[in-house]
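First comes the structure, then the notes that go with it.
No value in this document is a laboratory result; all are computed from the given coordinates. Remember, predicted model here, so these are calculated numbers, not experimental data. Glycine gets a Cβ as well: all are built from the backbone with ideal geometry, and neighbour counts include every protein chain shown.
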Amino acid sequence: MHIRVGYELIYECPQPTPMIVNLHVHYSRASDIVKPDLLLSSPPVPITSYRDSFGNWCSRIVAPAGKLKLTSDAVVSDSGNLEVLGLSLQQRPVQALPEETLLFLMGSRYCETDVLSEAAWNLFGATPPGGQRVQAICDFVNRHITFGYGLSSPTKTAFQVFSDRQGVCRDFAHLAIAFCRCMNIPARYCTGYLGDIGMPPPYAPMDFAAWFEAYLDDGWYTFDPRNNTPRIGRILIARGRDAADVALTTSFGQSRLESFKVWTDEVAA
């Protein structure tokens, strides 16, 4: 199947403002790109690109004073298959983990393993290690956290989500990531496109989505505590320790997001 993905973001800046934009389809899906996800700006501004320390494709711009519109409209090929739950995957002991995964055992800006460790072991210490333990964490987060767009803030951490039991998809992901790390399972934050393909209506307004990947057996596997069910057409944009590493846009100066549109729809091949 083919999936059309894209966005339109409109910013207002009182003066020229440097920005980093992290909105490109992840390089791991490069061979699936049918129509490139070119970043376009109005008015036109110079754009340079680079890979960050996590391998994500990023762009640098200087937004002019006034309004700036950033858009992209791409088509990505996808298998159209439902994701497979990794319940049978095994958890590797810390001493057997690859070095590159160890960073994702540590606490980070939004995932405070130090203050959540005791709660994690009390809640999940008796669960079978591996994929079943990760799924138990996702089940807990999905059941106990109330979703709502007005129930979060840019500074909300996993511990705050655990305390007030509400948030958006990034908060669900942060809490599940923190619990996994407390249980010695490497976990990394993911952001990208996730539409309602194959799901019954009614459909919520489209937004970027957040989920996470856990390192089990000998690889990284997708888990989604917000939706907590296999989905079709998940398209990765970026990975990092938490949302601080993969902000969609980072402004080095004053800026205001005036308008925000995202789309991800199945289209004819």
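Highest mobility in the GNM of the chain, judged by mean-square fluctuation with C-alpha springs under 10 Å and restricted to 238, 30, 74, is found for 30. Each Lys or Arg adds one and each Asp or Glu subtracts one; over the other residues with Cβ under 12 Å from the Cβ of residue 92, this totals -2. Ranked by the mean number of other Cβ atoms within 10 Å of their residues, highest first, the peptides 12-21, 208-217 come out as 208-217, 12-21. With a Förster radius of 30 Å applied to the C-beta separation of residue 34 and residue 244, the computed FRET efficiency comes to 0.40. In percent, rounded to a whole number, the relative contact order of the range 94-232 is 28, using alpha-carbon pairs under 8 Å and six or more apart. Along the charge dipole of the range 128-269, Cβ charges K/R +1 and D/E -1, which of 199, 182, 237 sits furthest on the positive end? Sorting the options by dipole projection puts first 182. Screening the chain for DSSP H helices whose Cα atoms reach 18 Å or more along their own axis and whose mean Kyte hydropathy is at least 0.5 gives 169-182. Taking the fewest neighbouring Cβ atoms within 10 Å as the starting point, the ordered list for 52, 171 is 52, 171. On full extension, the segment bounded by residue 83 and residue 257 gains 59.3 nm, given 0.36 nm per residue less the C-alpha separation. Note on the chain: dipole from Cβ charges, positive end direction compared against 172, 101, 137; the farthest Cα belongs to 172. A simple charge model with +1 on the Cβ of Lys and Arg, -1 on the Cβ of Asp and Glu and nothing else charged puts the dipole of the range 94-232 at about 320 debye relative to its Cα centre.
Here the chain is assigned +1 on the Cβ of each Lys and Arg and -1 on the Cβ of each Asp and Glu. Its dipole about the Cα centre then comes out at about 340 debye.
Applying a DSSP loop filter and a limit of 14 other Cβ atoms within 10 Å to the chymotrypsin sites (Phe, Trp or Tyr not before Pro) in the range 107-153 leaves 149. The alpha carbon centroids of the range 74-114 and the range 1-43 are separated by 25 Å. In terms of surrounding Cβ atoms within a 10 Å radius of their Cβ, 141, 134 rank from fewest to most as 141, 134.
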